[in-house]
Amino acid sequence: MSKAAKGDTVKVHYTGRLADGEVFDSSEDREPLEFDLGQGQVIEGFEEAILGMEQGDKKTVEIPVDKAYGPVNPEYILKAPRDQMPQDLDPQIGMQLQMPVPDGPPVVVTITEFDNESVTLDANPPLAGKDLIFDLELVGVLKMWLVIIFVNEFISFYNITFWRSYDLQGR
């Protein structure tokens, strides 16, 4: 078997845990995660862990903060006056809201603190500042060169069929 390399499409079953053992995500009872290696579709440490694995391989990897979601950025934490929040908002710690942004899609923020005067909103990714542990199983690898050969064969077949049809019409 060949090893997973940049440009390959891979399918991975995974369970993601924090250092205390809390599971934050898993593909158990779902389809495996499918992505293209080298395209930045997953966090850096996850992709690096898959590189070099062969179909059927299993392993556990620890991904440090800097190769996961990065450190908590204090600039993404905002303390907003309570009177600027919707009147019907009953804030709860951990509640997620969408905050409009002038030139882009809304940003998901999490309420981390509140009192009668203000609400603290955190726009950092929920896993920012955390080391992650993943149990991985590589269940599929589609080599990029197989896709290119298939596309080239399909195009060649199509061109031959087209020219044969054209020739049969006497033109």
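A cut-off of 5 Å between modelled amide H atoms, ignoring neighbours fewer than 5 places along the same chain, links SER118 with ARG82.
Counting other C-beta atoms within 10 Å, and keeping those with at most 16, which DSSP coil GluC sites (Glu not before Pro) do you find in the range 10-117? All intermediate terms of the calculation are to be shown ahead of the outcome.
Details: sites: GLU22, GLU28, GLU34, GLU44, GLU47, GLU48, GLU54, GLU62, GLU75, GLU113, GLU117; in loops: GLU22, GLU28, GLU54, GLU117.
Here the GluC sites (Glu not before Pro) that fit, given the DSSP loop and packing criteria, are GLU22, GLU28, GLU54, GLU117.
The relative contact order of the range 1-69 comes to 35 percent, based on Cα pairs under 8 Å that sit 6 or more residues apart. When a 1.4 Å probe is rolled over the protein heavy atoms, the share of accessible surface on the range 1-91 that falls to carbon and sulfur comes to 45 percent.
Across the range 13-19, rounded Karplus estimates of 3J(HN,Hα) from the backbone phi angles (6.51 cos²θ - 1.76 cosθ + 1.60, θ = phi - 60°) give 8, 8, 9, x, 10, 8, 4 Hz, Gly and Pro being marked x.
With θ taken as phi - 60° and the Karplus curve 6.51 cos²θ - 1.76 cosθ + 1.60 applied, the whole-hertz 3J(HN,Hα) list for the range 75-85 is 5, 8, 10, 10, 9, 9, x, 4, 6, 8, 8 Hz, x standing for glycine and proline. Heavy atoms of the protein chains alone define the surface here; on that basis the range 52-130 has 70 Å² accessible area per residue at 1.4 Å probe size.
The candidates PHE24, PHE35, PHE114, arranged from most to least accessible area with a 1.4 Å probe in the full protein assembly, appear as PHE114, PHE24, PHE35.
The values are calculated or read from the model by the stated rules, or taken from the named source; none is laboratory data. This one's a predicted model, so the numbers in the text were calculated from it and none came from an experiment. Please note: Cβ atoms are built from the backbone with ideal geometry, for glycine as well, and neighbour counts cover all protein chains shown. Note: areas computed on protein heavy atoms with side chains; ligands, DNA, RNA excluded. Shrake-Rupley method; radii C 1.70, N 1.55, O 1.52, S 1.80 Å.
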